[in-house]
Structures are given as C-alpha cells and as structure tokens.
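Notes to accompany the following structure.
The values are calculated or read from the model by the stated rules, or taken from the named source; none is laboratory data. All values reported here derive from a predicted model rather than from experimental measurement. No Cβ is skipped: glycine too gets one built from the backbone with ideal geometry, and neighbour counts run over all protein chains shown.
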Amino acid sequence: MTDSVQIIASRLATGAVIPYLGPDMLSLCSNVKVPGTPLALAEAMTAKVSVPHKIRKRLTQAAQFIENFKHRKSVVHLMNEAFATATAPSAFHLALAASGAGLWVDTWYDDTFAAGLAQTPGSWVQVQGLSQSEHFGHWTGAYAADGTALIELPAQPGRLLYKPMGSHAPAGNYLVSDSDYVEVLTEIDIQTPIPAAVQAWRSGRHFLFLGCRFDDQLTRCFARQIMKRSSDQHWAVLPNEPTRMEARFLAEQNITRINLPLAQFADALTQAMQPALTELPVTVELVKF
C-alpha cells in the first residue's frame, strides 16, 4: 500500500492522476447535512412526495415518477432542497484541490469539492451534465469559478471540475431520473455527452477512484466511458469486498483495488502529498481521521 500511495502522490503532483470522486467522499467531512448515498437521497425525496412503495428506495425510478406525475420542476426543487446546505471540505478535499491535478471528476450533486477549489489559488472552470428535458440538444453547461455561466467551455480551460451528473450550484442542473440517464446513455458510447476538454485531458492519464462503488450498471458505464482512452493503470479505494460485477469491472479496466478505509487512505495520501503542498501558497492541515 505504501508504494501505491507514494506513486499516486508523485503522479498527482505532475497532473498525471485524475481524482474521480463519489458520494462517500462526504464521509470525510464534519456536520454533513446533505444525502451521502443514492438511497439517502431517494428517501429524502420520497419523504416529501408520495411515490409507490416499491420504488421509494430506487433513486432514478422515484425521480422519474415525480417527474411524470408532478413536474420536472418538482424534481429540481426537491434536489435543490436536498443539497441546499453547504458542507465544509475535509482536509483531503483541500489537499486534492491544491494538488497538481488539472481535472477532477465529481459524480455526486453536492458543492463540497467546488468549495475546496475555491479555497485554493488559481482559476478553475466547472462543467456539468445537463438534463435533455430542460436543455434539449445541450449536453453540458460551463461555469466560471464565481458561478457565471459561460457560453461555451474554453478550449484550454485550465483547472477543470467535471460534474457529469450535474450539481446543486450554481444552476441546479441534475441527471437523476430514468429519462435523464436514458438520453445520455444512448450517446455516451460515442462520447457525445463528454466534453472535448475532458476527452483531451484524460489521454494517457491515470484515474484514482475515491468514495465510489461500481456495484450497479450505471456507475460502471459512466466510469468506463469517462476513462476511455486513458492509461492502462488506475486505482480504486474499495474497503468492502467487491461484488462479482465490481471485480470483473476492476479487472477489465486495469484498476488496482486499494483495500483500505477511505479515511485511512486519505490520511496516508495527504501525508505523502505534503512536500508538494508546502510549495503552494495554501496550507492544508493534516487531520487524523
């Protein structure tokens, strides 16, 4: 494990590693008041709108029911309410934001990592996936660090935060219902929904999966397509024993499993990154989890 941490830390410093963040990154934060799992989000939404019992715990189906029998605006309103409370970035969020990475992929709807980037020097741009039901013909929206909408993503955006499922801020863009994902999945094999800047940056680089599981087809599909044409060496912090399909996915994509709790790995990697971080005009305090 020590060797892997040192390799990842050194490659992060040079921009060769792309952190790929999942909802469990919130487990590293304090005083979290937003849903941290698809199940928790489904329960938060269905506590306010009645849906059939059999789909109450199924996020995409529950969101689709609300969209069909209420309105798309109801889905957006519920999502905005669920993620309205800001979560302070953890020390690990800040360390990743201050690293040499040029691209971060964040697959949950909270604003935590964007807040971490806002606390580090330098400009950055955020690009989010858009629902076709609200933005037909437009797959992504781009935003400056201050939340200002950009007409298009710059060809060379500098530091880039990619939120393929959308995000609470700045505009409440969400891919969450079945129809949202069907639209994207019909095109993702030919890469249409994935920004050209992301496709260019990932070439030859490694992915580091943090706070993610690959135990359903949707998460595997997005990860597979986002990391297409990257390098042949990646890592995933997965403390739980992989399911059969997860293990197959890891082997297929040449992803090395790091069998550590996320908090323990975060502590080790943050410590390994300290020499590089001390050269930057930002202080990231090492916190023992």
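Here are the numbers for this structure:
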| quantity | calculated |
| --- | --- |
| Hey, residue 5 under 22 Å from the mean Cα position of the chain (by Cα) and over 21 Å from residue 162 (Cβ atoms) or not | yes |
| Region 10-32 residues that are in contact (Cβ under 8 Å) with a residue 24 or more places away in the chain and among the small types (Gly, Ala, Ser), paired with ones that are surrounded by fewer than 21 Cβ atoms within 10 Å (Cβ to Cβ) and part of a helix (DSSP H, G or I) (beta carbon under 8 Å, 6 or more apart) | 13/276; 22/219; 27/263 |
| Check on residue 201, surrounded by 17 or more Cβ atoms within 10 Å (Cβ to Cβ) and part of a strand (DSSP E or B) | no |
| Subset of region 234-289 [charged (D, E, K, R), within 22 Å of residue 16 (Cα to Cα) and at pLDDT 95 or above] | 252, 257, 267 |
| Matching entry among 149, 196 (being surrounded by fewer than 15 Cβ atoms within 10 Å (Cβ to Cβ), on the phi < 0 side of the Ramachandran plot and modelled with pLDDT under 95) | 196 |
| Pairs with Cβ under 7 Å, 6+ apart, first in region 231-260 and at positive phi and assigned to a strand (DSSP E or B), second buried (at least 17 other Cβ atoms within 10 Å of the Cβ) and among the acidic types (Asp, Glu) | none |
| Output for region 183-197, where each listed residue is within 19 Å of the chain's Cα centre (by Cα), of a type in the set (Val, Ile, Thr) and in a helix (DSSP H, G or I) | 184, 188 |
| Residue identified as of a type in the set (Val, Ile, Thr) and closer than 30 Å to residue 156 by Cβ among 37, 60, 112, 85 | 112 |
| Matching residues, region 1-31, being under 15 Å from residue 275 (Cβ atoms) and either of a type outside the set (Ser, Thr, Tyr) or assigned to a helix (DSSP H, G or I) (or both) | 5, 6, 7, 8, 9, 10, 11, 12, 13 |
| Subset of region 41-59 (residues that are crowded, with 20+ Cβ neighbours inside 10 Å and polar (S, T, N, Q)) | 46 |
